[in-house]
1. I need a count of the residues in the stretch 258-311 that are modelled with pLDDT of 95 or more, in a loop (DSSP other than H, G, I, E, B) and closer than 27 Å to residue 237 by Cα.
2. Restricting attention to the stretch 278-294, does a residue exist that is closer than 15 Å to residue 340 by Cβ and out of contact with any strand residue (DSSP E or B) (no Cβ under 7 Å at 6 or more places or on another chain)?
3. Of the residues 201, 167, 248, only one is in contact (Cβ under 8 Å) with a residue 40 or more places away in the chain, in a helix (DSSP H, G or I) and more than 21 Å from residue 344 (Cα to Cα); which?
4. Considering the stretch 289-301 alone, what residues qualify as being surrounded by fewer than 20 Cβ atoms within 10 Å (Cβ to Cβ) and within 24 Å of residue 124 (Cα to Cα)?
5. Among the residues in the stretch 257-271, are any surrounded by fewer than 20 Cβ atoms within 10 Å (Cβ to Cβ), under 25 Å from residue 50 (Cα atoms) and not assigned by TED's automatic domain parsing to the domain that holds residue 15?
6. Tell me whether the stretch 360-382 contains one or more residues that are touching a residue at least 60 places away in the same chain (Cβ under 8 Å), assigned to a loop (DSSP other than H, G, I, E, B), surrounded by fewer than 18 Cβ atoms within 10 Å (Cβ to Cβ) and touching a strand residue (DSSP E or B) at 6+ places or on another chain (Cβ under 9 Å).
7. From 181, 152, grab the single residue that is free of Cβ contacts under 8 Å to residues at least 40 places away in the same chain and closer than 25 Å to residue 212 by Cβ.
8. Given the structure, is residue 333 part of a loop (DSSP other than H, G, I, E, B), in contact with a helix residue (DSSP H, G or I) (Cβ under 8 Å, 6 or more places away or on another chain) and farther than 22 Å from residue 187 by Cβ?
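The values are calculated or read from the model by the stated rules, or taken from the named source; none is laboratory data. Just so it is clear, the model here is predicted, and its values are computed rather than measured. Neighbour counts run over all protein chains shown; Cβ positions are idealised from the backbone, glycine included.
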């Protein structure tokens with residue numbers, strides 16, 4: 001037996017519930033509750049079976065000035081902000097920081113003001129598609145079980161190249177477990193999710209690729225466990241909202257009084273005096289574009305970090321309402337993920353050709369299903385030896 005797992009970034013349930021992917025093959029279909037936030041939290045949860053608080057992976061940036069890979073940037077903050085935040089300066093800082101820190105994971109600084117970078121660390125220090133990238137990940141488990149496997153991701157090649165390479169490896173019967181991460185649909189949906197015809201063409205393309213991989217797997221003569229997954233969906237933009245413009249007039253300064261990271265669907269705040277905490281909290285509570293997550297909500301969502309590294313306050317926007325401008329860009333894209341997991345557009349998918357041993361209702365469940373198949377493969381491997 002061999003297992004082929006394809007994770008397609010942003011292929012949400014809303015795209016496949018009425019337009020099945022490979023319905024003749026993928027007969028087992030489930031809507032999957034994602035985790036709040038972005039791929040930086042969702043994929044580690046899928047790979048480890050742990051919610052963000054326990055995996056340590058949620059939003060890319062978190063407060064930790066002591067261990068920040070950007071500590072050295074403090075020596076540049078005497079420069080005028082227009083120079084410090086010029087695109088050339090920012091690129092040099094990003095590349096230099098990555099090389100000095102020797103991080104092998106996803107490393108970006110987006111639009112975070114350079115003068116604030118020294119206060120933040122990055123959660124994805126290692127390639128999460130390799131053993132050790134996420135604590136107790138699927139790939140650590142495959143190593144421990146002695147299963148031959150390979151992962152394919154954007155770190156090495158494009159989506160089309162991943163498909164070609166996986167097909168070649170299947171022809172040569174190199175592995176027992178194949179994990180393909182296809183990331184490019186996410187970028188398309190960010191900009192074109194309102195284009196129904198364009199979305200249909202993209203889905204046709206990915207379905208064609210999936211069928212090619214499946215047929216190649218069948219030609220090996222082995223029984224094939226074929227899975228198609230996603231990490232989250234994509235919510236169409238309804239409106240933009242200038243949240244920064246609501247906070248700036250209060251007159252508090254960063255980083256003297258507080259810090260804030262304005263992600264596209266949420267803002268996270270850390271406070272250094274009670275006056276800033278009180279007045280900013282009051283202003284946020286007055287707004288109807290979103291709400292402050294309660295302690296109970298944080299626990300339910302698995303983001304109740306005891307050290308508040310991911311924010312003392314998390315202000316979550318209403319589905320479809322994007323912070324504009326944010327540290328992700330001056331103008332928000334036409335589609336975005338990172339809203340509440342209960343928003344129907346947020347849901348991920350689980351598709352399979354073989355009946356799973358349990359329902360895959362959450363990303364944690366998806367991990368458990370994949371882990372069980374890894375054990376099944378391991379038993380087969382050891383039986384042959």
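1. Of the residues in that region, 10 qualify.
2. yes
3. 167
4. Applying the first criterion (surrounded by fewer than 20 Cβ atoms within 10 Å (Cβ to Cβ)) to the stretch 289-301 yields 289, 291-292, 294-300.
Within the stretch 289-301, 298, 299, 300 qualify.
5. No.
6. yes
7. On the way: 181 fails: free of Cβ contacts under 8 Å to residues at least 40 places away in the same chain.
Selected residue: 152, the only one of 181, 152 that is free of Cβ contacts under 8 Å to residues at least 40 places away in the same chain and closer than 25 Å to residue 212 by Cβ.
8. For residue 333, the condition - part of a loop (DSSP other than H, G, I, E, B), in contact with a helix residue (DSSP H, G or I) (Cβ under 8 Å, 6 or more places away or on another chain) and farther than 22 Å from residue 187 by Cβ - is not met.
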